[in-house]
Amino acid sequence: MAAPVPTLKLLTSLPILVDGEKQNLKIIQRTSTHYAKLAMHLLDDVNLDIVHGLREKCHHDPVEIVTAIYKMWISGTGENPVTWQTLVGVLKDIELNSLAKEIET
């Protein structure tokens, strides 16, 4: 994995190598349209109560909503431990397998 612990900075732009070329994996951007599923699995928000509150607070902006979800998770709310492995597992659970694989490599 790229770093011992996920941070908002790394979730915004995670440096990776693709065919020997340095690129930035934009995890927040790539998961923004899946924020409801992400919150259900990452924050255990089964009734989407957290998501409902974040929609209003973030003015329905998916990037802001998913950023808030990750911030809550990094702060200790939801799935533990806060590791890349946990995030990869959640991404697989919500069928974002391609992104999960990119993070793993």
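The values are calculated or read from the model by the stated rules, or taken from the named source; none is laboratory data. Keep in mind the model is a prediction, meaning the values are calculated, not measured. Glycine also receives a Cβ, built like all others from the backbone with ideal geometry; neighbour counts cover every protein chain displayed. Accessible surface areas use protein heavy atoms only, side chains included; no ligands, DNA or RNA. Shrake-Rupley method; radii C 1.70, N 1.55, O 1.52, S 1.80 Å.
Please get the size of the charge dipole for the chain, origin at its Cα centre, with Cβ charges of +1 on Lys and Arg and -1 on Asp and Glu, quoted in debye to the nearest 20. Display every interim value, and only then the final one.
Details: 10 positive and 13 negative charges, 48 e Å.
Approximately 240 debye in magnitude.
Can you tell me the orientation of helix 84-93 relative to the chain, as the angle in degrees between its alpha-carbon axis and the longest Cα principal axis, to the nearest 10?
Taking Cα atoms only, the helix is inclined about 70 degrees.
Where is the GNM fluctuation largest for the chain (alpha-carbon springs, 10 angstrom cutoff): LYS71, LYS22, LYS57?
Judging by the Gaussian network model, the answer is LYS22.
Among VAL66, THR12, VAL82, which residue has its Cα positioned farthest towards the positive end of the charge dipole of the chain, with +1 placed on the Cβ of Lys and Arg, -1 on the Cβ of Asp and Glu, and the dipole taken about the Cα centre?
Result: THR12, furthest along the dipole toward the positive end.
Just to be sure I understand the curve: with the Debye formula and one point per C-alpha of the range 1-90, what is log10 I(q)/I(0) at q = 0.22 Å⁻¹?
With no solvent term, the Cα-only Debye profile gives -1.07.
Please report how many Lys pairs in the chain have alpha carbons closer than 25 angstrom, counting only residues at least 8 apart along the chain or sitting on separate chains.
Step by step, the pairs that qualify in the chain add up to 22.
Roughly how many percent of the accessible protein surface of the chain is carbon and sulfur, given a 1.4 Å probe and a whole-percent answer?
Numbers: 3150 of 6120 Å².
That fraction is 52 percent.
Skip the ligands, DNA and RNA, and give the accessible area per residue of the chain with a 1.4 Å probe, whole Å². Intermediate results must be reported in sequence, preceding the final value.
On the way: 6120 Å² over 105 residues.
Dividing the accessible area of the chain by its residue count gives 58 Å².
Taking 8 Å as the Cα distance limit and 6 or more residues as the minimum spacing, I'd like the relative contact order of the chain as a percentage. Can you show the working numbers first?
Working: 124 pairs, mean separation 29.8, N = 105.
Once divided by the residue count of the chain, the mean separation gives 28 percent.
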